[in-house]
Amino acid sequence: MNEADAARILERLILEYGLPSSPRSFLQFENPFQILVLTILSAQTTDKQVNSIRDDLFSRYPTPAELARADKSDLEEIIRSCGYFHAKAKYLIESARALVERFEGRVPRDMGSLVSLPGVGRKTANIVLNHAFGIDEGIAVDTHVRRLARRLGLTDESDPDRIEQDLVRIFPRSDWGKINYLLIMHGRQTCTAKKPMCRSCPLTGLCRYYREEFELDKGEG
Ligand code: SF4
């Protein structure tokens, strides 16, 4: 896909969903520590599920220092409903310890430091940088962004880091912060995983999947 078509996709998605006035997360957070923890927890589960345990979690462990000292089985009980709770509890405690030991108890504001934390990859780091600090270092590629980027023809890659490389090449940096939000909105409301609702989609003329599915049908008919 060329840059002009990518820009058209963005324009149509902004018309459809609008843009939040400030970087907007689907996770409910109040500070960088909370968005870091909630994003680690959000792997393989829904934001709604993660939001549902946030009050319990942060009333018990309001700071990295408290989370660093957490009893692992107590923490597992609180986060159990988010799935993969053994691994997630381990990552959370180890990351909190790293924040205390290496970053004076603060969430770092750069990609290299963030991805050095246990359980933190580029997706989580991009979300923290964008939502907590307003820094556009890259584009967070979650399950919606991955699926839509492939369907639309913005990438042929499967690996999230490679998809991100394709996206940052085709969209100007000033738009990076919007991509994740807009593709998630579209992935939730129209281009859903099981059955994309192409007939009501504003991107049909720009979408590879649509071309391949429906124009092939037309040709065969
Ligand atoms: S045309 Fe269909 S596959 Fe393409 S973005 Fe729209 S809903 Fe998704």
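Coordinate-derived values only; no laboratory data. The structure presented is a predicted model; accordingly, all values stated were derived computationally and were not measured. Quick reminder, even Gly has a Cβ in these numbers, built from the backbone with ideal geometry, and neighbours come from all protein chains shown.
With q set to 0.09, 0.12, 0.13, 0.17 Å⁻¹, the log10 of I(q)/I(0) for the chain, from the Debye formula over equal scatterers at the Cα positions, is -0.40, -0.67, -0.77, -1.16. Each listed q (0.14, 0.17, 0.20, 0.25 Å⁻¹) maps to a log10 I(q)/I(0) for segment 32-133, found by the Debye formula over equal Cα scatterers with no solvent: -0.45, -0.68, -0.96, -1.55.
Taking the fewest neighbouring Cβ atoms within 10 Å as the starting point, the ordered list for Ile35, Ile93 is Ile93, Ile35.
For the chain, the relative contact order works out to 21 percent when only alpha carbon pairs closer than 8 Å and six or more residues apart are counted. Shown for Thr192, Thr155: other C-beta atoms within 10 Å of each C-beta, ranked fewest to most, produce the order Thr192, Thr155. Shown for Val141, Val50: other C-beta atoms within 10 Å of each C-beta, ranked fewest to most, produce the order Val50, Val141.
Between Ser158 and Ser59, the modelled labels are 4.4 nm apart [label points 7 Å from Cα along Cα→Cβ]. Over 30 Å between C-alpha atoms is what I'm after, so list which of Lys90/Lys178; Lys123/Lys194; Lys90/Lys194 land there. As for pairs spanning more than 30 Å Cα to Cα, those are Lys90/Lys178; Lys90/Lys194. Contact order for segment 147-202, expressed relative to its length and based on alpha carbon pairs under 8 Å spaced 6+ residues apart, stands at 24 percent. The charge dipole of the chain, taken about its Cα centre with unit charges on the Cβ atoms of Lys, Arg (+1), Asp and Glu (-1) only, comes to about 280 debye. Given their separation in residues at 0.36 nm each and the Cα-Cα distance between them, Ile14 and Lys195 gain 62.9 nm when the chain is fully extended.
Looking at segment 39-86, the trypsin sites (Lys or Arg not before Pro) that sit in a DSSP loop and have at most 14 other Cβ atoms within 10 Å of their own Cβ are Arg69.
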